[in-house]
Amino acid sequence: MPSKLKKNFELLAPAGNFEHMQAAIDSGADAVYIGLQGFSARPNAWSFKLEEIPAAVRFAHESNCRVHIALNAEFHTNQSDDLAKAVGIFSDCGVDALIVGDFGLLHYLKKLGNQIPVHASTLLGIYNAQGIRLLNRKYGVNRVVLNTNLYIDEIAELHRLCPEIELEMIAHGGICFNDNRRCRQPHYLFEGEFCVGCKQLYESFPDTQKLVQLHPISKVASQVRTPEVAVGGDRLIWSPEIDLSAIVDLFMRVGVISFKIEGRTRATEYIRQSTRKNSSSAIDATLAEEEFFEDELNKYFYLAHHAQLRSRI
């Protein structure tokens, strides 16, 4: 398969530190996404300090791997100066994209005159073509990380209606059990770590005096555990785990170009294994099919719109 076709598709791996980056690059990642401390929807321990970003970008670019910065936490006004400084550094060192999860931040980046490509985080909860067009027209967004609740025919329809916008999806790892951007489950439990959500976990118990009595608990959220930690029976929630490597070709054919692996807080070996599986067994295998670009897209559009790939009520 010509190399130019490979460039149209991307395996995007997580990295919470330099060791993660090395594992992802060695395992075939086309790009990695990392968080900036104070602006990332993960604990600071699994995000990069601002002064580490230039070295991280150089490290990745030396291996022809792109770097996306996750700025997907809620953006507060008092962070404006720090964000402006960070964007300047990102631009100077060649960051490839910013993953943004807050409309206020999108507005502020536009005000700053940011020239780095902007990707809309799944936390923005994009379901429809109108939302995609608004993000592109008003904020210059060129890629949307799709809401995890979309069906394959809905994804195909979004690509048909907005073919100029790149589509990305979470294809491996944990996904939110709740609806994107409507979550009440925090991604951390520790003071001083800014993130999406509230700062307290609660567990509900039936009570004769009240319908619900809330008790604070101190459990590790699913996003910050390592794979070796067993699922406890008393755990509040457990994020569902997905692995679309066996059917990634379907999504490639309906317009998805980037396949994201969840797991910036996971063990290094998890990142290595999940990246290898999705790179060699899924995306590369599909691209090796000679007939992949021979009218396959039209065939899958037909299936998506007329053969009822999902059950409708």
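The values are calculated or read from the model by the stated rules, or taken from the named source; none is laboratory data. This is a predicted model, so every value here is computed, not measured. Here the Cβ is made from the backbone with ideal geometry for all residues, glycine too, and neighbour counts use every protein chain on show.
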Legend entry - Residues being under 17 Å from Ala70 (Cβ atoms) and more than 17 Å from the chain's Cα centre (by Cα) - total across the stretch 6-43: 2
Legend entry - Any chance Asp102 is under 20 Å from Ser80 (Cα atoms), among the acidic types (Asp, Glu) and over 11 Å from the mean Cα position of the chain (by Cα): yes
Inset, instruction - Would you point out the residue of the stretch 43-60, among those that are outside any helix (DSSP H, G or I) and out of contact with any Ser or Thr (no Cβ under 6 Å at 6 or more places or on another chain), that is modelled with the lowest pLDDT? - result: Pro43
Inset, instruction - Residue by residue through the stretch 110-124, note down the ones that are buried (at least 19 other Cβ atoms within 10 Å of the Cβ) and either out of contact with any helix residue (DSSP H, G or I) (no Cβ under 8 Å at 6 or more places or on another chain) or under 13 Å from Asn142 (Cβ atoms) (or both). - result: Asn114, Val118, His119, Ala120, Ser121, Thr122, Leu123
Inset, instruction - Would you be able to tell me the number of residues in the stretch 261-290 that are of a type in the set (S, T, N, Q) and crowded, with 22+ Cβ neighbours inside 10 Å? - result: 4
Inset, instruction - From Ile283, Ile237, Ile247, Ile242, grab the single residue that is in a helix (DSSP H, G or I) and at pLDDT below 85. - result: Ile283
Inset, instruction - Starting from the stretch 147-173, keep only residues that are in a helix (DSSP H, G or I), then list their pairs with residues that are of a type in the set (Val, Ile, Thr) whose Cβ atoms are within a distance under 7 Å, requiring at least 6 positions of separation or different chains. - result: Ile152/Val254; Ile155/Val254; Ile155/Val256; Ala156/Val254; Leu158/Ile132; His159/Val254
Legend entry - Selection count where residues are modelled with pLDDT under 95 and loosely packed, with under 14 Cβ neighbours inside 10 Å, scope the stretch 83-103: 0
Legend entry - Selected residue (only one of Glu157, Glu164, Glu168 is crowded, with 19+ Cβ neighbours inside 10 Å and over 24 Å from Arg266 (Cβ atoms)): Glu157
Legend entry - Cβ pairs under 9 Å, 6+ apart, first in the stretch 28-40 and in contact (Cβ under 8 Å) with a residue 40 or more places away in the chain and closer than 17 Å to Leu123 by Cα, second assigned to a strand (DSSP E or B) and among the small types (Gly, Ala, Ser): Tyr33/Ala13; Tyr33/Ala70; Tyr33/Ala97; Ile34/Ala70; Gly35/Ala70; Leu36/Ala70; Phe39/Ala70; Ser40/Ala70
Legend entry - Criterion (hydroxyl-bearing (Ser, Thr, Tyr) and assigned to a loop (DSSP other than H, G, I, E, B)) met by exactly one of Ser63, Ser80, Ser91: Ser63
